[in-house]
Amino acid sequence: MSKSNSSSFIWLPVVIVIGLFCFAPQVVSAYRLELLTIFLINVILAQSYRLMTTTGDWTLCHYILMGVGAYATGILAKKFGVPFYAAMPLAAVITVGVSLILALPLSRTIGFAFFIASFALGEFIRHVWLKFHTPFGGARGVNGIPKLEIGQQGDWYFIDFWDSTNFYFFTLIFTVLALLVLYRIDRSRVGNAWKSIYADSELCESIGINVTRYRVLIFCVAGFFAGIAGSLLAYQVGSIDPHNFEMVEMVYLIIWVVVGGVKTYWGPLIGVFSMSLVFELARPLQEWRPLLFGLILILFLVFMPGGLETLLPRIKSFFLGLVGKKEVR
Amino acid sequence: MSFFSVKGLSKHFGGLVANNSIDLDVEKGEIRGVIGPNGAGKTTFFNVVSGFYTPTSGTVEFKGKVISGLHSSKIAKLGAVRTFQRAALFPEFTVLENVIIARHLNADTSLLNAIFRHNTKAEAGNLARSKEIIEFLGLKDEQDNLALNLSHGHQRVLGVAMALATEPELLMLDEPVAGMNSSEKAVMVGLIKKIRDTWGITVLLVEHDMKTVMSLCDKITVLDFGEKLAEGLPEEIINNDKVIEAYLGADDIVA
């Protein structure tokens with residue numbers, strides 16, 4: 001909450017990172033570029049999940065909300081031929097609707113009960129996808145989702161999103177926009193109200209913050225961005241099925257934010273970046289990979305419970321300690 | 001019609017009768033103390049009137065409106081706000097930020113505003129008012145410190161500051177001097193008087209500390225075994241036989 005890291009210091013690295021991402025298609029292979037696209041989608045998901053955790057509500061169904069966005073997009077685009085500029089916002093709205101329905105009972109629970117109830121509701125939705133062939137396609141899911149397109153072949157403004165570079169930039173724009181909006185919300189009065197609920201919900205009630213309403217609101221806002229991420233995923237992958245949204249994916253999401261930390265806005269970004277890197281580097285390990293990730297999760301919980309975001313302040317205070325200065329907040 | 005009135009208020013927890021048919025009327029501008037021995041039902045009473053519990057029977061009216069059963073946040077919106085016995089605050093925010101957060105009811109809290117506009121005129125007003133409240137309560141030197149680093153006395157004053165930030169007409173204080181040393185107590189007593197005298201805010205407080213209640217309150221209500229035992233001016237209460245009996249000896253009362 002301290003104002004020490006003020007604007008100019010923070011924005012320079014941000015601009016550099018965005019620049020690097022703009023430059024990436026020049027140097028990486030088409031396959032790597034698709035991985036990068038998925039990474040950007042995961043960034044939206046992780047950052048929206050971090051928003052959810054600011055009230056202390058660690059849901060276990062955030063991944064499912066991404067699935068809701070993906071299914072909505074897939075069905076709208078394939079079965080109804082809805083163009084992307086209508087399908088994406090509609091998918092986001094549908095996800096917010098589902099989030100609202102889930103949040104109403106969930107907001108009556110806290111702590112462990114919330115944890116378990118969110119898991120149960122998420123699994124319920126996943127099983128609906130599995131059991132209902134119309135319109136969800138059952139275990140095979142929705143396949144052959146048409147690529148999004150701007151204009152038609154021959155139009156001067158035609159953009160072909162079969163080209164992975166084009167879709168990469170499309171995703172990049174959404175990621176930057178989503179991160180910007182989430183950053184603004186995090187710094188706003190509403191964002192502070194959510195953090196206050198985590199600190200002391202009784203106190204919040206007493207000063208006029210309707211805790212239930214704000215917990216429902218955060219669920220819907222986080223759901224909105226999960227829906228956008230899901231929509232992008234549906235267009236990127238072209239097919240979705242219930243196995244994309246199993247519990248293990250939620251565990252990866254939790255690993256990202258635990259490794260990065262949730263206290264600052266930057267934590268999940270660091271987490272999803274470093275863990276995606278590890279994920280790719282560990283590809284030769286194949287089926288041993290989950291074991292490695294489990295180990296990483298345990299190590300972080302034991303030795304660095306605040307996540308990587310606490311690394312820099314720790315190093316700083318270590319060196320300040322060496323020269324005998326006290327850290328100034 | 002009184003400013004704040006409690007009618008036949010009862011609260012049962014299963015078979016336990018914590019409050020039994022309590023009546024109480026507070027006039028505007030009054031400082032009212034509610035006292036009683038341990039287990040008399042003071043805290044339950046306080047939690048019921050501030051909306052944290054729903055009464056089993058009876059009503060609480062504030063400015064002619066029934067507030068019992070409403071959410072605490074709704075009651076705060078209507079102008080009756082409570083503080084806590086513990087040091088309730090947002091530890092990782094500064095003192096000033098704590099008070100600004102407590103200006104929630106006087107702020108634009110829409111999502112659109114959160115995304116597009118932060119430094120509005122209304123927020124500038126909230127900042128100015130927060131600073132005014134902080135200065136009024138003598139916390140100016142602590143303004144930029146994290147709330148968790150304050151002394152207990154200052155943390156309790158911050159609690160009052162946050163309550164005042166909601167611009168209440170009725171301030172309900174839950175044991176405002178609990179756990180304080182005598183100089184901190186004196187400061188708190190002075191502040192409560194100042195709040196009433198300068199800003200005309202009505203005060204209802206539940207307190208354990210006799211000396212504080214006797215020196216501060218215009219009128220006192222005594223609870224014992226969940227029922228109202230006596231009510232009157234401080235000097236009447238001191239000399240009331242039933243009260244003396246409940247407290248097991250007059251010496252304790254004036255101590």
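The values are calculated or read from the model by the stated rules, or taken from the named source; none is laboratory data. The structure displayed is predicted, hence computed values, not measured ones. Note: ideal-geometry Cβ built from the backbone for every residue, glycine included; neighbour counts use all protein chains shown.
Of note:
- The residue that is farthest from the other protein chains (Cβ to nearest Cβ), counting only those in region A:194-213 that are under 15 Å from B:M162 (Cβ atoms) and among the polar types (S, T, N, Q), is A:S201.
Per-residue answers, yes or no, for (1) within 17 Å of the chain's Cα centre (by Cα); (2) at pLDDT 95 or above:
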{"position": "A:R189", "(1), (2)": "no, no"}
{"position": "A:A222", "(1), (2)": "yes, yes"}
{"position": "A:F225", "(1), (2)": "yes, yes"}
{"position": "A:G238", "(1), (2)": "no, no"}
{"position": "A:F245", "(1), (2)": "yes, no"}
{"position": "A:I255", "(1), (2)": "yes, no"}
{"position": "A:S274", "(1), (2)": "yes, no"}
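- Taken over region B:162-206, residues that are in a strand (DSSP E or B), farther than 15 Å from B:E27 by Cα and within 14 Å of chain A (Cβ to nearest Cβ) amount to 2.
- Complete set of residues in region B:127-179 that are farther than 20 Å from B:F84 by Cα and charged (D, E, K, R): B:R129, B:K131, B:E132, B:E135, B:K140, B:D141, B:E142, B:D144
- Yes/no for B:T83 being buried (at least 22 other Cβ atoms within 10 Å of the Cβ) and either more than 21 Å from the chain's Cα centre (by Cα) or among the β-branched types (V, I, T) (or both): yes
- Filter result (closer than 15 Å to A:I207 by Cα and outside any helix (DSSP H, G or I)) within region B:52-84: B:F52, B:L70, B:H71, B:G79, B:A80, B:V81, B:R82, B:T83, B:F84
- The single condition among (1) more than 10 Å from every other protein chain (Cβ to nearest Cβ); (2) within 27 Å of B:L137 (Cβ to Cβ) that B:G58 does not meet is (2).
- Residue count for region A:214-243, restricted to those that are more than 14 Å from chain B (Cβ to nearest Cβ) and of a type in the set (V, I, T): 3.
- Matching residues in region A:129-155 - criterion: being within 17 Å of A:F245 (Cα to Cα) and in a loop (DSSP other than H, G, I, E, B): A:F132, A:G137, A:G141, A:N143
- Among the residues making up region B:137-161, a single one is away from chain A (no Cβ under 14 Å), assigned to a helix (DSSP H, G or I) and of a type in the set (G, A, S): B:G153.
- Residues that are buried (at least 19 other Cβ atoms within 10 Å of the Cβ), within 14 Å of chain B (Cβ to nearest Cβ) and not in a helix (DSSP H, G or I) occur at least once in region A:186-193.
- Matching residues, region B:118-131, being within 11 Å of another protein chain (Cβ to nearest Cβ) and either within 24 Å of the chain's Cα centre (by Cα) or crowded, with 16+ Cβ neighbours inside 10 Å (or both): B:E123, B:N126
For (1) of a type in the set (A, V, I, L, M); (2) farther than 16 Å from A:F224 by Cβ; (3) surrounded by 14 or more Cβ atoms within 10 Å (Cβ to Cβ); (4) not assigned by TED's automatic domain parsing to the domain that holds A:V221, each residue gets a yes or a no:
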| site | (1), (2), (3), (4) |
| --- | --- |
| A:F84 | no, yes, yes, no |
| A:M88 | yes, no, yes, no |
| A:V96 | yes, no, yes, no |
| A:L100 | yes, no, yes, no |
| A:R108 | no, yes, no, no |
| A:G111 | no, yes, no, no |
| A:A120 | yes, yes, no, no |
| A:F124 | no, yes, no, no |
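- Candidates B:I101, B:I134, B:I115 - the one that is crowded, with 21+ Cβ neighbours inside 10 Å and within 13 Å of chain A (Cβ to nearest Cβ): B:I101
- Within the set B:A18, B:A40, the sole residue that is modelled with pLDDT under 95, aliphatic (A, V, I, L, M) and assigned to a loop (DSSP other than H, G, I, E, B) turns out to be B:A40.
- Residue tally, condition farther than 21 Å from B:T212 by Cβ and among the hydrophobic types (A, V, I, L, M, F, W, C), over region B:163-174: 1
- Residues satisfying the criterion are present in region A:155-178 (criterion: at pLDDT 90 or above and within 14 Å of chain B (Cβ to nearest Cβ)).
- Of all the listed residues (A:I38, A:I64, A:I44), the sole one being in contact with a helix residue (DSSP H, G or I) (Cβ under 7 Å, 6 or more places away or on another chain), under 14 Å from A:A229 (Cβ atoms) and surrounded by fewer than 21 Cβ atoms within 10 Å (Cβ to Cβ) is A:I38.
- Test: B:S2 is farther than 22 Å from A:S206 by Cβ and either part of a strand (DSSP E or B) or not β-branched (V, I, T) (or both): yes
- In region B:137-160, of all residues being surrounded by 23 or more Cβ atoms within 10 Å (Cβ to Cβ) and either of a type in the set (K, R) or in contact with a Ser or Thr (Cβ under 8 Å, 6 or more places away or on another chain) (or both), the one that is nearest to B:F90 (Cα to Cα) corresponds to B:A147.
- Note on region A:221-315: enclosed helices (runs of 4 or more DSSP H) holding 3 or more residues that are buried (at least 21 other Cβ atoms within 10 Å of the Cβ) are A:247-260, A:267-281.
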